[in-house]
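Q: Have a look at the structure that comes next, please.
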Amino acid sequence: MVRPRWPPSQAWRTFLKNHVKDLIALDFFTVPTAPFRVLFVLVMLTHSRSVIAAVYARKSNDQLGLTDEQKSVTRQVEHARAYAVRKGWTVLDECLFVDDAVSGAEFATRPGFVRLMRALKPYPPFQVLVMAEESRLGREQIEVAYALKQLAQAGVRVWLYLEDRECTLDSPTDKLLMSVTAFADELERAKARQRTYDALARKARAGQVTGGVVFGYRNREVVGTDGRRQYVEREIAPEEAAVVRRIFELSASGVGVRRIAIVLNDQGALAPTTRRNGRPRSWAPSSVREILYRDLYRGVVVWNRIRKRDVWGLKRYLPRPRAGVDTPGRPRAPDRRRPALGRRSPPTGGHPPAICGPPTGN
């Protein structure tokens, strides 16, 4: 057979690439046997390759106290793998994308999601993406729609194993259904935020802990009769409280925050835990000022002063209006332009203990 001198045209290559799964090679021949009979043989060859599937799993809140096997993201990955096996797909370890304890409103700072989107260029190493449902991609309508569009343009088919269906954007009807589903997911996020707000407001009214650990206090869990945690309340940590009182005493005597930080570091006083790992625990003027202006040390609970996320769901710390600062049913906070060591009487009944109570007298 004479081989052509020129390479196949680009159009022919494109045709073979696009229709390789539909091509069949046929050959018909005869085979004489020993007893002088003739066998007619028909050979059919098909070209196929295994479909590589990727898995994406996400869970918003951090499931503390659970092992890795008990966490939701682990179950999502296991169920997605089993679904891919039933479909005849192959899931590679490098095609697993997981975001644990990351909000569905975050997109640019979500490690697993960002890695998934980057894997689409220049060519994705997988042909199918398996998820539990569309809300795992996120709970913001515009961002979810754009992510699905990028997956579709890259040639990746998205399958939802809970509904056993493919998420397509081939027609206006498909896009409408996708928009309705994304709207319901975002609405659920808004309702979850409202439920969380109501629960925290109830705890704040009762003087219970709604945040993290504060220097000078330790959080104590109150356990019910069933052995489960009911709520968390603050109690004074004597060693740290002594440092807080020392700071207020130095400030009342006219010592500035910078000098107070130097004195505490020279004396080796206890300091708050650093947020960055590896940094030594020490006092800085900014941390001393936060101690002086924190109303909690006088027993005044000020809650909901800062908003954690903006209207798009992105993590941005923004101040709330004044009407939403003080806890309902609580005395209003003192003037923030002066330290919290004033002569105002501490509140009573359900409030956390005050480390630095006001002096007696008028």
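The values are calculated or read from the model by the stated rules, or taken from the named source; none is laboratory data. Here the structure is a predicted model, which is why all the values come from computation and not from measurement. Here Cβ is always computed from backbone atoms with ideal geometry, including for glycine, and neighbour counts include all displayed protein chains.
Q: Is it the case that GLU221 is in the same structural domain as LYS315 (by TED's automatic domain parsing) and either surrounded by 14 or more Cβ atoms within 10 Å (Cβ to Cβ) or in contact with an Asp or Glu (Cβ under 9 Å, 6 or more places away or on another chain) (or both)?
A: Details: in the same structural domain as LYS315 (by TED's automatic domain parsing): yes; either surrounded by 14 or more Cβ atoms within 10 Å (Cβ to Cβ) or in contact with an Asp or Glu (Cβ under 9 Å, 6 or more places away or on another chain) (or both): yes.
Criteria met by GLU221.
Q: Do we find that ARG258 is at negative phi and part of a loop (DSSP other than H, G, I, E, B) in this structure? Spell out the reasoning first.
A: Values: at negative phi: yes; part of a loop (DSSP other than H, G, I, E, B): no.
Judged against the criteria, ARG258 is not a match.
Q: Could we say that ALA237 is surrounded by 14 or more Cβ atoms within 10 Å (Cβ to Cβ), aliphatic (A, V, I, L, M) and outside the structural domain of VAL77 (by TED's automatic domain parsing) here? Reasoning before the result, please.
A: Numbers: surrounded by 14 or more Cβ atoms within 10 Å (Cβ to Cβ): yes; aliphatic (A, V, I, L, M): yes; outside the structural domain of VAL77 (by TED's automatic domain parsing): yes.
Yes; evaluated as a whole, the condition is true for this residue.
Q: Across segment 112-134, what is the number of residues that are within 15 Å of the chain's Cα centre (by Cα) and either part of a loop (DSSP other than H, G, I, E, B) or surrounded by fewer than 20 Cβ atoms within 10 Å (Cβ to Cβ) (or both)?
A: 3
Q: If you don't mind, another one. Does GLU239 satisfy the criteria of being without any contact (Cβ under 8 Å) to a residue 12 or more places away in the chain, among the charged types (D, E, K, R) and either out of contact with any strand residue (DSSP E or B) (no Cβ under 7 Å at 6 or more places or on another chain) or closer than 30 Å to ASP185 by Cβ (or both)?
A: Numbers: without any contact (Cβ under 8 Å) to a residue 12 or more places away in the chain: no; among the charged types (D, E, K, R): yes; either out of contact with any strand residue (DSSP E or B) (no Cβ under 7 Å at 6 or more places or on another chain) or closer than 30 Å to ASP185 by Cβ (or both): yes.
Answer is no for this residue.
Q: To continue, here is another question. For segment 89-100, indicate whether the set of residues that are in the same structural domain as TRP159 (by TED's automatic domain parsing), of a type outside the set (Asp, Glu), loosely packed, with under 10 Cβ neighbours inside 10 Å and modelled with pLDDT of 85 or more is non-empty.
A: So far as segment 89-100 goes, no, none of its residues is in the same structural domain as TRP159 (by TED's automatic domain parsing), of a type outside the set (Asp, Glu), loosely packed, with under 10 Cβ neighbours inside 10 Å and modelled with pLDDT of 85 or more.
Q: Quick one: which residue in ARG165, ARG136, ARG118, ARG157 is touching a strand residue (DSSP E or B) at 6+ places or on another chain (Cβ under 6 Å) and either without any contact (Cβ under 8 Å) to a residue 40 or more places away in the chain or not assigned by TED's automatic domain parsing to the domain that holds VAL73 (or both)?
A: Details: ARG165 fails: touching a strand residue (DSSP E or B) at 6+ places or on another chain (Cβ under 6 Å); ARG136 fails: either without any contact (Cβ under 8 Å) to a residue 40 or more places away in the chain or not assigned by TED's automatic domain parsing to the domain that holds VAL73 (or both); ARG118 fails: touching a strand residue (DSSP E or B) at 6+ places or on another chain (Cβ under 6 Å).
Testing whether each residue is touching a strand residue (DSSP E or B) at 6+ places or on another chain (Cβ under 6 Å) and either without any contact (Cβ under 8 Å) to a residue 40 or more places away in the chain or not assigned by TED's automatic domain parsing to the domain that holds VAL73 (or both) leaves just ARG157.
Q: Can you pull out every residue in segment 156-195 that is in a loop (DSSP other than H, G, I, E, B) and surrounded by 12 or more Cβ atoms within 10 Å (Cβ to Cβ)? So that I can check it myself, show each step before the final result.
A: Residues of segment 156-195 that are in a loop (DSSP other than H, G, I, E, B), as a first pass: 156, 161-164, 168-171.
Of everything in segment 156-195, those that are in a loop (DSSP other than H, G, I, E, B) and surrounded by 12 or more Cβ atoms within 10 Å (Cβ to Cβ) turn out to be VAL156, TYR161, LEU162, THR168, LEU169.
Q: Which one of these does MET178 not meet: (1) at pLDDT below 90; (2) closer than 28 Å to ILE306 by Cβ; (3) among the aliphatic types (A, V, I, L, M)?
A: If we test MET178 against (1) at pLDDT below 90; (2) closer than 28 Å to ILE306 by Cβ; (3) among the aliphatic types (A, V, I, L, M), just (2) comes out false.
Conditions (1) at pLDDT 75 or above; (2) part of a loop (DSSP other than H, G, I, E, B); (3) within 20 Å of VAL209 (Cα to Cα), marked per residue:
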{"residue": "VAL263", "(1), (2), (3)": "yes, no, no"}
{"residue": "PRO280", "(1), (2), (3)": "yes, yes, no"}
{"residue": "GLU290", "(1), (2), (3)": "yes, no, yes"}
{"residue": "GLY329", "(1), (2), (3)": "no, yes, yes"}
{"residue": "PRO334", "(1), (2), (3)": "no, yes, no"}
{"residue": "ARG338", "(1), (2), (3)": "no, yes, no"}
{"residue": "ARG343", "(1), (2), (3)": "no, yes, no"}
{"residue": "GLY357", "(1), (2), (3)": "no, yes, yes"}
{"residue": "GLY361", "(1), (2), (3)": "no, yes, no"}
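Q: Another question about this same structure. All but one of (1) within 22 Å of the chain's Cα centre (by Cα); (2) surrounded by 14 or more Cβ atoms within 10 Å (Cβ to Cβ); (3) over 20 Å from PRO111 (Cα atoms) hold for ALA204; which doesn't?
A: (1)
Q: Here is a check on your reading of the model: is GLU239 part of a strand (DSSP E or B) and not hydrophobic (A, V, I, L, M, F, W, C)?
A: No.
Q: Take the residues in segment 40-76 that are modelled with pLDDT of 80 or more and among the charged types (D, E, K, R); name whichever of them is nearest to VAL114 (Cα to Cα).
A: ARG58
Q: Given (1) farther than 23 Å from ALA80 by Cα; (2) basic (Lys, Arg); (3) modelled with pLDDT of 90 or more, where does ARG228 come up short, assuming only one miss?
A: Exception for ARG228: condition (3).
Q: Going by the conditions given, is ASP198 under 17 Å from ASN61 (Cβ atoms) and over 19 Å from the mean Cα position of the chain (by Cα)? Give the derivation first.
A: Details: under 17 Å from ASN61 (Cβ atoms): yes; over 19 Å from the mean Cα position of the chain (by Cα): yes.
Yes.
Q: Still on this structure: Would segment 313-322 turn up any residue that is at pLDDT 85 or above and either in a loop (DSSP other than H, G, I, E, B) or not assigned by TED's automatic domain parsing to the domain that holds VAL243 (or both)? Talk me through it step by step, then tell me what you get.
A: So in segment 313-322, the residues at pLDDT 85 or above come out as none.
No, segment 313-322 contains no residue that is at pLDDT 85 or above and either in a loop (DSSP other than H, G, I, E, B) or not assigned by TED's automatic domain parsing to the domain that holds VAL243 (or both).
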